[in-house]
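> Input: one structure, supplied below.
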Amino acid sequence: MKLKVIYSLLCFLFIGNIMAQQTPAPKQTTDYSIEGATAHLGNGEVIENSLIMFSKGKISFVGSANMRIARIGTIINAKGKHVYPGFIAANTSLGLAEIDAVRATRDFDEIGNMLPHIRSIIAYNTESKVVESMRPNGVFMAQITPRGGVISGTSSVVQFDAWNWEDAVLKTDDGVHMNWPSSFRPTSWSFGGVGNFKPNKNYQKSIDHIEKYITNAKSYLAGKKEAKILPYEALQGVLNGTQKMFVHVNGQKSITDAVNTLKKLGIKNIVIVKGREAEKVADLLKSNNIPVILERAHRLPGGEDEDYDLPFRAAKMLSDAGILVGLGMEGDMERMNTRNLPFYAGTYAAYGLDKEKAVQLITENNAKILGVNDKVGTLAVGKDATLFISEGDALDMRTNILTDAFIQGRKISLETHQTKLWKRYSNKYKNQ
């Protein structure tokens, strides 16, 4: 009996080891110089035949390889290749669920409607095999965002090479997420989600409920606190401007109402998330310095009278209007699809957005919106050495083949359960 127990434990540990995520890389001890690559700095600039050097997790030099400057540490010859800052995904529930069909692995939606005190970061799973699969495409960071309710809770920004959430976090509780009511409700659905709509009779009632809740929170925070009310306490950051209010909203009227209502309540640090029809209220967003985190481009138009390619052109339209635009991942299969972040940006580039501005969507712009641009988002001296080398254009799924990758200077593995399966079945067909 004892032998059976021992064998069972050994088997469990063996299987667990096989299924576990890659072990996080140790701190950088070897300096690196990447020479000869085309460097896409993430701020719209490109350096041909570049030289990038980093030491102790920080970038120490960015410039031309033609400059007479001593190289440091291990020299990586990247001639003919491309180097990019690590890509950042905004608005994703990555790491908060593993298998959609298994309730015990889903931890992105809590019970209740007003939940500003719920913190997504403490539920983030660094051992997720889904998270691991982001890295071969250059997606190294994300804003981990809760879902559900009217106020879902707070998000945090993490990097993807860590033992636990404390090691992973780049910015804790960067903002509170609110789901604004829609002014229209669907009456029927056709294939693909385009159907008939009618005015939402409870729309104003829902807005009144939000106003009352935030007003009560302001009164509580301004008055003498006889008993601690955590949901009200959690709104202090968005009310004093130290946290952002991420408003998930679609539609011209709903976006306008959200901005005007929250401004009236004293919330000034607003970000529009999803933002269908945001181009119709671009002047309002620009005048209030409100950025937009767009949905991924691969979706159908929101209405029968919209251009078929409007979702593909949205980034260019908003960028041309002078609005800071980032790219988020909310939607069907968002956790798995987050790995395709650069290719969604590539679709925006294919429909009019300048290629380097498309790179900016998922580097500098997302970093600015999420408040981590002092650490990541661009290849610049003093920032984290979170970057990768690709054989080709990183926004093209045919050519984005990573050869080397670093997070905070640590050389990370690009092997995942998916790359192992890819290699296994590639060999199968080679042997036919």
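> Of the conditions (1) part of a helix (DSSP H, G or I); (2) modelled with pLDDT under 95; (3) in contact with a helix residue (DSSP H, G or I) (Cβ under 8 Å, 6 or more places away or on another chain), Leu300 satisfies every one except a single condition; which number is it?
(1) is the only condition that Leu300 fails.
> Restricting segment 404-432 to residues that are in a loop (DSSP other than H, G, I, E, B) and farther than 17 Å from Thr23 by Cβ, which is most open to solvent (accessible area, probe 1.4 Å)?
Only one residue tops the list, namely Gln432.
> Applying the selection to segment 152-172, what residues are closer than 20 Å to Ala97 by Cβ and in contact with a helix residue (DSSP H, G or I) (Cβ under 8 Å, 6 or more places away or on another chain)?
Gly153, Thr154, Ser155, Ser156, Val157, Val158, Gln159, Phe160, Ala162, Trp165, Val169
> Oh, and also: Among the residues of segment 125-146, which ones are touching a residue at least 60 places away in the same chain (Cβ under 8 Å) and part of a strand (DSSP E or B)?
Answer for segment 125-146, where residues must be touching a residue at least 60 places away in the same chain (Cβ under 8 Å) and part of a strand (DSSP E or B): Val139, Phe140, Met141, Ala142, Gln143.
> A follow-up question, please. Cβ contacts < 7 Å: first residue touching a residue at least 12 places away in the same chain (Cβ under 8 Å), restricted to segment 417-428; second residue assigned to a helix (DSSP H, G or I), any location; separation 6+ or different chain. Result?
Partner pairs satisfying both residue conditions: His417/Lys129; Thr419/Pro136.
> Hey, another quick one. Need a quick list: strands (runs of 3 or more DSSP E) entirely within segment 31-122 having at least 2 residues that are within 25 Å of Val169 (Cα to Cα).
Output list reads 50-55, 58-64, 82-85, 87-92.
> Taking segment 71-120 as the region of interest, how many residues are under 24 Å from the mean Cα position of the chain (by Cα), of a type outside the set (A, V, I, L, M) and surrounded by fewer than 20 Cβ atoms within 10 Å (Cβ to Cβ)?
11
> Starting from segment 250-261, keep only residues that are open to solvent by less than 30 Å² (accessible area, probe 1.4 Å), then list their pairs with residues that are in a helix (DSSP H, G or I) and among the hydrophobic types (A, V, I, L, M, F, W, C) whose Cβ atoms are within a distance under 7 Å, requiring at least 6 positions of separation or different chains.
Ile255/Ala278; Ile255/Val281; Val259/Leu284; Thr261/Ile207
> Look at segment 273-295 and say how many of its residues are in a helix (DSSP H, G or I) and either under 18 Å from Gln204 (Cβ atoms) or touching a Gly at 6+ places or on another chain (Cβ under 7 Å) (or both).
Of the residues in that region, 1 qualify.
> Would you say Ile369 is farther than 23 Å from Ser413 by Cβ and in contact with a strand residue (DSSP E or B) (Cβ under 7 Å, 6 or more places away or on another chain)?
yes
> Next up: Glu279: charged (D, E, K, R), surrounded by fewer than 21 Cβ atoms within 10 Å (Cβ to Cβ) and within 17 Å of Leu318 (Cα to Cα), yes or no?
The answer is yes for Glu279.
> With (1) in the same structural domain as Pro311 (by the TED database); (2) part of a loop (DSSP other than H, G, I, E, B); (3) closer than 28 Å to Gln243 by Cβ as the list, and Gly382 as the residue in question, which single condition is left unmet?
(1)
> Moving to a separate point now. Can you name every residue in segment 308-322 that is in a helix (DSSP H, G or I) and not hydroxyl-bearing (Ser, Thr, Tyr)?
Leu310, Pro311, Phe312, Arg313, Ala314, Ala315, Lys316, Met317, Leu318, Asp320 - these are the residues of segment 308-322 that are in a helix (DSSP H, G or I) and not hydroxyl-bearing (Ser, Thr, Tyr).
> Now a separate question. Listed residues Ala123, Ala168; which is under 17 Å from the mean Cα position of the chain (by Cα), open to solvent by 10 Å² or more (accessible area, probe 1.4 Å) and not aromatic (Phe, Trp, Tyr)?
Step by step, each of Ala123, Ala168 is checked, and only Ala123 is under 17 Å from the mean Cα position of the chain (by Cα), open to solvent by 10 Å² or more (accessible area, probe 1.4 Å) and not aromatic (Phe, Trp, Tyr).
The values are calculated or read from the model by the stated rules, or taken from the named source; none is laboratory data. Computed from a prediction, not measured in an experiment: that's the story for all the values here. Cβ: placed from backbone, ideal geometry, glycine included. Neighbour counts: every protein chain shown. These accessible areas exclude ligands, DNA and RNA; they are computed on the full protein's heavy atoms, side chains included. Shrake-Rupley method; radii C 1.70, N 1.55, O 1.52, S 1.80 Å.
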